[in-house]
Amino acid sequence: MDWLNYHHLRYFLTVAQTGSLRAAAEKLHVSPPSISAQIRELEAALGEKLFRRSGRANVLTDAGQIALRHAEEIFSLGRELVSAVKQRPTTRALRLNVGVADAFPKLVTYEILKPLLARPEPVHLVCREGKLEDLLPQLASHRLDVVLSDEPAPSTAKLRVFNHKLGESGITFCAAAPSAARLRKGFPRSLHEAPAFLPAENTALRRSLENWFRTLQIRPRVVAEFDDAALMKVAASRGLGFVPIPTIVADEAVERYQLRRIGATERVRDEFHAITAERRITHPLISLITARAQELTFA
C-alpha cells in the first residue's frame with residue numbers, strides 16, 4: 001500500500017469511537033452502507049479485519065485496536081498541525097497506556113508514576129489493572145505500552161515481550177497499634193500463629209514469604225489472602241492481623257492506613273519489573289518511570 005486513504009480512516013475512527021455504524025452515520029451525515037463500504041476498503045488496504053461481530057455489536061479485533069491507537073494519533077497530529085500553522089497553542093498530551101499486575105503494590109505504582117503527573121508538559125495516562133497473563137497479550141498487540149509486575153514475564157508465555165528489572169525491596173511487617181506493640185516483642189518468632197493478611201498464593205511475594213516462614217519454622221494463622229494489596233492494608237488497619245509491606249513505601253503505608261511497624265527483614269524480597277514489547281526502552285515516559293523506580297529501590 002503506497003497511500004492511506006484518510007477518509008476511510010476517519011470513518012473507521014468514528015465507528016470505533018461511537019460504537020456503531022448507525023451512530024457514526026448520524027455524526028458524519030452519511031448512510032451506514034456508505035461507511036461500511038469505506039471500512040471494507042480500508043481493511044482491504046491494510047490486509048486485516050478491523051471489526052468482528054459479537055452479537056449485534058461490532059467489536060474491534062487486535063488489528064483494529066492497533067489501528068485505533070494510530071488513527072487517534074494521526075488525527076491528533078492533524079489538529080496540532082492546524083494549530084501550529086495558525087499559531088495557536090497546542091495542548092496535545094503525550095499518551096502512556098500502563099498495565100498494572102494486580103499483585104503489584106499500589107503505593108509503589110503511585111510512587112513510580114508520580115513524576116508523570118508532575119511534568120509541565122501535558123500527559124494522558126491510562127492505567128489498567130489485571131492478572132499478568134491477561135495483560136501480556138495486550139502488551140504484545142501494542143494496546144499497552146508497558147506492564148508493571150512483581151515478577152518477570154514467563155518464558156512460557158510465547159509472546160514477544162522483554163523484561164526490565166526496576167529493583168526490589170525488603171519487607172516491613174505492620175499491624176494496627178495494639179497488635180503491633182504485642183508482636184514487636186520477640187519478632188520474628190512473635191509472628192508464629194499470629195493472625196495474618198497475606199498476598200494470594202500465586203504471587204511472587206507470597207512464595208518468598210512462605211520460604212522465609214519455613215526457614216524460621218514460623219506458621220502464621222492466615223486469616224485472609226488478597227490479590228489487591230491496598231485492600232489487604234485496609235483490612236490490617238482494622239486490627240485483625242499483620243500485613244507485609246515493601247519497605248520502600250512503609251512510611252507512606254503507616255501514615256495512610258494508621259498502621260505501626262512490627263519489624264523488617266531483607267530476607268524476603270518484593271521485586272518490581274517493567275515489561276515492554278521492545279527490547280530497548282525508547283518511550284520517554286517509560287524512561288522517566290523506570291528512572292523513578294530505580295531511584296526508589298536503590299536509594
| task | With viscosity set to 0.692 mPa s and temperature to 37 °C, compute the Stokes-Einstein D of segment 168-270, Rh being the Kirkwood radius across alpha carbon pairs; µm²/s, no decimals. | result | 250
| query | What aspartates and glutamates could a cross-link reach from K49, if we take a straight Cα to Cα line under 15 Å and drop same-chain neighbours fewer than 8 places away? | reply | E41, D62
| note | From fewest to most C-beta neighbours within 10 Å, the residues E278, E271 line up as E278, E271
| request: For segment 235-242, just list the computed ³J(HN,Hα) in residue order, Karplus coefficients 6.51, -1.76 and 1.60, θ = phi - 60°, integers in Hz, with x standing in for Gly and Pro. | output: 4, 5, 5, 7, x, 9, x, 8
| said: Just want the answer: with Cβ charges of +1 for Lys and Arg and -1 for Asp and Glu, which residue in T247, L144, I262 is farthest toward the dipole's positive end in the chain? | reply: I262
| Amide H to amide H, which residues 5 or more places from F226 or on other chains are under 5 Å from it, using H placed in the peptide plane? | L198, A200
| task | Determine the sum of side-chain charges near R143: Lys and Arg each +1, Asp and Glu each -1, restricted to other residues whose C-beta is under 13 angstrom from that of R143. | result | -1
| message | Using the Cα centre of the chain as the reference point, and only Cβ charges (+1 on K/R, -1 on D/E), how large is the resulting charge dipole? Debye, rounded to the nearest 20. | response | 460
| field | Under 5 Å, built H, 5+ apart or other chain: amide partners of D102 | value | G130, K131, L132
| field | Gyration tensor (Cα) of the chain, equivalent ellipsoid semi-axes in angstrom | value | 47, 20, 17
| said: For the chain, what does the helix formula give at 222 nm: sum of -39500 (n - 2.57) over DSSP H segments with n ≥ 4, over the residue count, nearest 500 deg cm²/dmol? | reply: -14000 deg cm²/dmol
| message | Explain nothing, just the number: dipole magnitude of segment 155-212 about its Cα centre with +1 on each Lys and Arg Cβ and -1 on each Asp and Glu Cβ, in debye rounded to the nearest 20. | response | 120
| message | Suppose we keep just the DSSP beta bridges with both residues in the chain; what percent of those would be antiparallel, to 5? | response | 60
| query | Toward the positive end of the charge dipole of the chain, about the Cα centre and with charges on Cβ (Lys, Arg +1; Asp, Glu -1), which of S36, I218, L116 goes farthest? | reply | I218
| Of R143, R206, R214, which is the most mobile in a GNM of the chain whose springs link Cα atoms less than 10 angstrom apart? | R214
| request: Give me the lysines in straight-line cross-link reach of K106: C-alpha distance below 21 Å, same-chain residues under 8 apart excluded. | output: K114, K131, K165, K233
| Hey, got the dipole for segment 186-299? About the Cα centre, +1 on K and R Cβ, -1 on D and E Cβ, debye to the nearest 20? | 280
| request: Set Lys and Arg Cβ to +1 and Asp and Glu Cβ to -1, take the dipole of the chain about its Cα centre, and tell me which of H164, F272, A45 lies farthest positive. | output: F272
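FYI, it's all coordinate maths here, none of it is from the lab. Please read all numbers here as calculations on a predicted model, not as lab measurements. Using ideal geometry, Cβ is built from the backbone for each residue, glycine included, and neighbour counts are taken over all protein chains shown.
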